[in-house]
Amino acid sequence: MIFTHTSVMPQEIREYLDLKPGNTCVDCTLGGSGHALTSLKAVLPGGRLIGTDQDRDAVENAHKVFEPYASNVHIFHDNFSKVPRILDSMGIEGVDGILLDLGLSLHQLRQGKRGFSFKGDEPLDMRMDLRADRTAADIVNQSDEKSLVDIFFKYGEERMSRKIARAIVKARAASPITRNRELSEIVRAAMPAKLVHQQKIHPATRVFQALRIVVNKELERLERFMEAVPDMLNPGGRICVISFHSLEDRIVKQQIRAFEKGCTCPRDFPKCVCGFTPRLKSVSRKAILPTQEETEANPMARSARLRVAEKV
Ligand SMILES: C[S@@+](CC[C@H](N)C(=O)[O-])C[C@H]1O[C@@H](n2cnc3c(N)ncnc32)[C@H](O)[C@@H]1O
């Protein structure tokens, strides 16, 4: 079965990637292949699409979606941090467009059965790549209390981290926590009732986000990828990144700014001695947000923000 996915900000991605027939583009996060199919159609005839996803289901789905275009499409079951190496191995020196649409696909959330969401009763796994060795349950059951506090605070920006970590350590002493529902109930019970009622989001949202980030090493991989962007793009080529939380967006924004600035010399140096020159320029100063029309029709788009940069 081919699964479809309502792609976030489709119009904006088409417009900002600005692909032309004959171009080479990379979709680093295939998911339901919605954006990737649009990009492929924009580069045909003569162009090609390279696609990666670390989730086996997304890759199997992409093979089906792109079956009619096999000679123009190359799909890899890999982490996007490997894209520079993949391009090297294909002898590609530069591409014209790169898309990262971060986070989870609807398929992972609804049918993944890996406990990404606090809804339902599923194994507490959260690996996007099932070849990875550590699951969310491993982290929850094996980390000491202080490490749990740090994880929830740093990656979930959760103010109740201490209370939640203490409750987890107490619960797991009776029996290991192996299901998403168990964890979600422990988190809810650890929170002051007043706060639970005040919050607009589910009380376990931040804890689940933090665990998912750690299990999938999301921020490290994004950082590594962003550092390599100018080396992968042709002059005038563009990168579009859609992120869904401030930790990801900060990494993207700061790396684009650093490449835009070029020089790394301290401000009080009379002249540049580092020799670094600008390698990217932002296409829009601020993050681009989905339209109100889109967020009303697709609540998944609510927290999306898009950043776009061009190789100079
Ligand atoms: C929001 S979905 C992408 C949706 C897609 N753009 C579409 O139009 O259907 C995010 C996808 O990125 C994948 N992903 C997230 N981080 C990744 C990484 N570091 N390397 C490879 N794939 C990743 C996830 O497995 C998921 O399938």
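The values are calculated or read from the model by the stated rules, or taken from the named source; none is laboratory data. It should be emphasised that the depicted structure is a prediction, and the values quoted were computed from it without experimental measurement. All Cβ positions, glycine included, derive from the backbone under ideal geometry; neighbour counts span all protein chains shown.
Of the residues making up the range 285-306, at least one is assigned by TED's automatic domain parsing to the domain that holds residue 253, surrounded by 18 or more Cβ atoms within 10 Å (Cβ to Cβ), assigned to a helix (DSSP H, G or I) and small (Gly, Ala, Ser). Can you say whether residue 234 is surrounded by fewer than 16 Cβ atoms within 10 Å (Cβ to Cβ) and in the same structural domain as residue 84 (by TED's automatic domain parsing), as far as the supplied structure shows? So residue 234 passes the test. May I ask you to verify whether residue 106 is surrounded by fewer than 22 Cβ atoms within 10 Å (Cβ to Cβ), within 21 Å of the chain's Cα centre (by Cα) and of a type outside the set (Ser, Thr, Tyr)? In short, yes. Listed conditions (1) at pLDDT below 95; (2) within 13 Å of the ligand (Cβ to nearest atom) are all met by residue 1, apart from (2).
Across the range 48-60, the qualifying residues are those that are crowded, with 20+ Cβ neighbours inside 10 Å and either near the ligand (Cβ under 9 Å from one of its atoms) or free of Cβ contacts under 8 Å to residues at least 24 places away in the same chain (or both), and the one among them that is nearest to residue 97 (Cα to Cα) is 52.
When the range 7-27 is filtered for residues that are of a type outside the set (Val, Ile, Thr) and within 11 Å of the ligand (Cβ to nearest atom), the ones remaining, listed by number, are 7, 9, 10, 27.
Reported count of residues in the range 247-272, each being β-branched (Val, Ile, Thr) and modelled with pLDDT under 95, is 1. On the given criteria, is residue 240 at pLDDT below 95 and either surrounded by 12 or more Cβ atoms within 10 Å (Cβ to Cβ) or closer than 20 Å to residue 97 by Cβ (or both)? Spelling it out, it is not the case that residue 240 is at pLDDT below 95 and either surrounded by 12 or more Cβ atoms within 10 Å (Cβ to Cβ) or closer than 20 Å to residue 97 by Cβ (or both).
Residue count for the range 53-111 under the criterion of being hydroxyl-bearing (Ser, Thr, Tyr) and within 22 Å of residue 10 (Cα to Cα): the result is 2. Among the residues making up the range 22-75, those that are under 22 Å from residue 234 (Cα atoms), within 19 Å of the chain's Cα centre (by Cα) and in a loop (DSSP other than H, G, I, E, B) are 28, 29, 30.
From the list 138, 125, 129, 150, which residue is assigned to a loop (DSSP other than H, G, I, E, B) and either of a type in the set (A, V, I, L, M, F, W, C) or surrounded by fewer than 19 Cβ atoms within 10 Å (Cβ to Cβ) (or both)?
Values: 138 fails: assigned to a loop (DSSP other than H, G, I, E, B); 125 fails: either of a type in the set (A, V, I, L, M, F, W, C) or surrounded by fewer than 19 Cβ atoms within 10 Å (Cβ to Cβ) (or both); 150 fails: assigned to a loop (DSSP other than H, G, I, E, B).
Step by step, each of 138, 125, 129, 150 is checked, and only 129 is assigned to a loop (DSSP other than H, G, I, E, B) and either of a type in the set (A, V, I, L, M, F, W, C) or surrounded by fewer than 19 Cβ atoms within 10 Å (Cβ to Cβ) (or both).
Any chance the range 208-231 includes a residue that's surrounded by 18 or more Cβ atoms within 10 Å (Cβ to Cβ), of a type in the set (Phe, Trp, Tyr) and part of a helix (DSSP H, G or I)? The answer is yes, given that some residue of the range 208-231 is surrounded by 18 or more Cβ atoms within 10 Å (Cβ to Cβ), of a type in the set (Phe, Trp, Tyr) and part of a helix (DSSP H, G or I). Put simply, of 30, 44 the only residue that is surrounded by 23 or more Cβ atoms within 10 Å (Cβ to Cβ) and either within 12 Å of the ligand (Cβ to nearest atom) or of a type in the set (A, V, I, L, M, F, W, C) (or both) is 30. Under the condition of being free of Cβ contacts under 8 Å to residues at least 60 places away in the same chain and within 12 Å of the ligand (Cβ to nearest atom), the residues counted in the range 84-107 number 1.
Any chance you could count how many residues in the range 154-173 are closer than 13 Å to residue 211 by Cβ and either out of contact with any helix residue (DSSP H, G or I) (no Cβ under 8 Å at 6 or more places or on another chain) or surrounded by 16 or more Cβ atoms within 10 Å (Cβ to Cβ) (or both)? Looking only at that region, the number is 7.
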